[in-house]
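> Can you keep this structure in mind? I'll have questions shortly.
The values are calculated or read from the model by the stated rules, or taken from the named source; none is laboratory data. Note that the structure is a prediction, hence the values are computed from the model and not measured. Cβ atoms come from the backbone with ideal geometry, glycine included; neighbour counts cover every protein chain shown.
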Amino acid sequence: MKQTNAYNDYAYEQIEAFLSDLINSDEVGSADIAMELNKMIAELEEYHAKKLNKIRDLRAAMFNATTKTTTRDTREVLYEDIVSSGSIDFLS
């Protein structure tokens, strides 16, 4: 059984009341109600998409900052030293 949340119940009741008011109004048609609801949902979607992008940018910045401060693997440093010295003859 799904638990109920008092705030969610309140919010659903408010939505129902607003929709009832709009439906009972002679000044607003059903197409207008549907269009406005779609616009509201699109605005919410855009808002949350921007916040999600901001969070992703933050995560990337934190990852990049972390990788820039890590020390390099000793094997990489040794390999670069050997290659730059020009002597790669391991048998001598």
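> Report yes if Ser30 is surrounded by 10 or more Cβ atoms within 10 Å (Cβ to Cβ) and more than 23 Å from the chain's Cα centre (by Cα), otherwise no. Working first, answer last.
Details: surrounded by 10 or more Cβ atoms within 10 Å (Cβ to Cβ): no; more than 23 Å from the chain's Cα centre (by Cα): yes.
Judged against the criteria, Ser30 is not a match.
> Further question: Looking only at the range 40-47, decide whether some residue is outside any helix (DSSP H, G or I) and surrounded by 10 or more Cβ atoms within 10 Å (Cβ to Cβ). Break it down into steps so the answer makes sense when it comes.
Here is the first cut: in the range 40-47, the ones outside any helix (DSSP H, G or I) are none.
No: the range 40-47 contains no residue that is outside any helix (DSSP H, G or I) and surrounded by 10 or more Cβ atoms within 10 Å (Cβ to Cβ).
> For Met62, are the conditions met, namely being of a type in the set (A, V, I, L, M, F, W, C) and at pLDDT 75 or above?
On the way: of a type in the set (A, V, I, L, M, F, W, C): yes; at pLDDT 75 or above: yes.
Spelling it out, Met62 is indeed of a type in the set (A, V, I, L, M, F, W, C) and at pLDDT 75 or above.
> So if I check each of Asp57, Asp89, Asp73, Asp81, which one is modelled with pLDDT under 95, charged (D, E, K, R) and surrounded by 10 or more Cβ atoms within 10 Å (Cβ to Cβ)? Outline the logic, then answer.
Numbers: Asp89 fails: surrounded by 10 or more Cβ atoms within 10 Å (Cβ to Cβ); Asp73 fails: surrounded by 10 or more Cβ atoms within 10 Å (Cβ to Cβ); Asp81 fails: surrounded by 10 or more Cβ atoms within 10 Å (Cβ to Cβ).
Matching residue, one of Asp57, Asp89, Asp73, Asp81: Asp57.
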